[in-house]
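This report refers to the structure that appears directly beneath it.
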Amino acid sequence: MVSDVHGNVRDLARAGDGADALICLGDLVLFLDYSDHSRGIFPDLFGRENTDRLVELRTARRFEEARAFGAGLWAGVGSDRATVIEKAVRRQYAELFGVFPTPTYATYGNVDIPGLWPEFAGPGTRVLDGERVEIGGWTFGFVGGGLRTPMRTPYEISDEEYAAKIEAVGEVDVLCTHIPPEVPELVYDTVARRFERGSPALLDAIRRTKPRYSLFGHVHQPLVRRMRIGATECVNVGHFAGSGRPWTLEW
C-alpha cells in the first residue's frame, strides 16, 4: 500500500517487491513540495524564491493572496496555463505508471488528473473509483479524489458526489480512499499545523458497514496514524514521497 507518491519514482519502482499486489491511493503528481521547495512543477517553472513565497502565503492560510501571487506569475508564462501543467504532468505520469508492477490497483488523489490516467495505465494497472474488486478472497472498495477546499486542487468534488461514490462501494472488507474519515486526530497535519478535509460520509460508512480496514493517505504528518473506529482498523498508509516505504497488509 502506498499513498501520496508525489513524484517519488525511485522508491515506487521497489514498492511492490515481494508483494502479491500493489495498491496506490493516489497523489502521484508533484506540483509543489512543501518540505523541499526546489522540487515540483511550480519551482521548475518559477524558481525557488517564488515557491518560498507561495508556500509562505498558503501556510498562513492567506489563500486569496496566494492565488493573486500565482496568477501574476502565470501571466508572465506567455502560454496557456492548462497546457503547460498538462505537459508537465504527462512527463511525471509516464515515469510513475511505467514502474507500477503487475498487478497494481490504483485510485486518484486530489492532485491527480483522472482524465489522463487511461493514457498511461497499462494492462497490469486497474484504476478504480467508486468501485469494488476482489483481491485474495477479500473485497476491496476504492474511492478517489478529495473534497473541495480553498486550495482548489485538480480532483476535488462535492460532498454529495463523494458520498454517492462511498454508497456505491457498499460493504467491503477493506475500504481504500485517498482522504481519511472526518476524525480530528486523523485529519490534523502536525507540520502544516492545520486540519485537512476528511469525509463525514466515509466516517458514517465505517460505522455502518464495519469494514475490517479503512486505509487512506492525504494527511502527510497526521496527529495519529492509526486508530480503531468500532470494529474497523483505520490506517494512514503514509506519505510515500517522504518515507519511500510501503505499508503492508497481510491476510
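Can you give the Kirkwood hydrodynamic radius of segment 162-251 from its Cα pairs, in Å with one decimal?
Answer for segment 162-251: a Kirkwood hydrodynamic radius of 13.2 Å.
What are the residues whose amide H is under 5 Å from the amide H of Arg126, where those residues sit 5 or more places off or on another chain and H is modelled from the backbone?
Thr104, Tyr105, Ala106
Using the Kirkwood radius over C-alpha pairs as Rh, can you work out the diffusion coefficient of segment 64-176 via Stokes-Einstein at 20 °C, viscosity 1.002 mPa s, in µm² per second? Don't jump to the answer; show the numbers that get you there.
Values: Rh = 16.1 Å.
My calculation gives 133 µm²/s for D.
Full-extension gain between Ser158 and Glu95, please, as 0.36 nm times their residue separation minus the C-alpha to C-alpha distance. Write out the running numbers ahead of the final one.
Values: separation 63, 0.36 × 63 = 22.68 nm, distance 3.05 nm.
Once the chain is fully extended between Ser158 and Glu95, it gains 19.6 nm.
In terms of modelled amide H atoms, which long-range or inter-chain residues lie less than 5 Å from the amide H of Ser199?
The list, which skips near neighbours in sequence, is Glu182.
Along the charge dipole of segment 9-243, which of Ala71, Phe140, Ser38 sits closest to the positive end, that is, farthest toward it, with unit charges on the beta carbon of Lys, Arg, Asp and Glu (+1, +1, -1, -1)?
Of the listed residues, the answer is Ser38.
Calculate how steeply helix 41-59 sits against the longest principal axis of the alpha-carbon atoms of the chain, using the helix alpha-carbon long axis, and give the answer as 0 to 90 degrees to the nearest 10.
The angle comes out at about 80 degrees.
Using alpha carbons only, how many degrees (0 to 90, rounded to 10) separate the axis of helix 63-75 from the longest principal axis of the chain?
60 degrees
Express in nm, to one decimal, how much length is gained between Thr59 and Ser243 on full extension, taking 0.36 nm for each residue of separation and deducting their alpha carbon distance.
64.0 nm
Rounded to whole Hz and in sequence order, give me ³J(HN,Hα) for segment 160-174 from the Karplus expression 6.51 cos²θ - 1.76 cosθ + 1.60, θ = phi - 60°, writing x for Gly and Pro.
Those phi angles translate into 5, 5, 5, 4, 5, 5, 4, 5, 5, 5, x, 7, 9, 7, 10 Hz.
Here, each number is a calculation from the coordinates, and none is a lab measurement. All values reported here derive from a predicted model rather than from experimental measurement. As a convention, Cβ positions derive from the backbone with ideal geometry for all residues, glycine included, and neighbour counts pool all protein chains shown.
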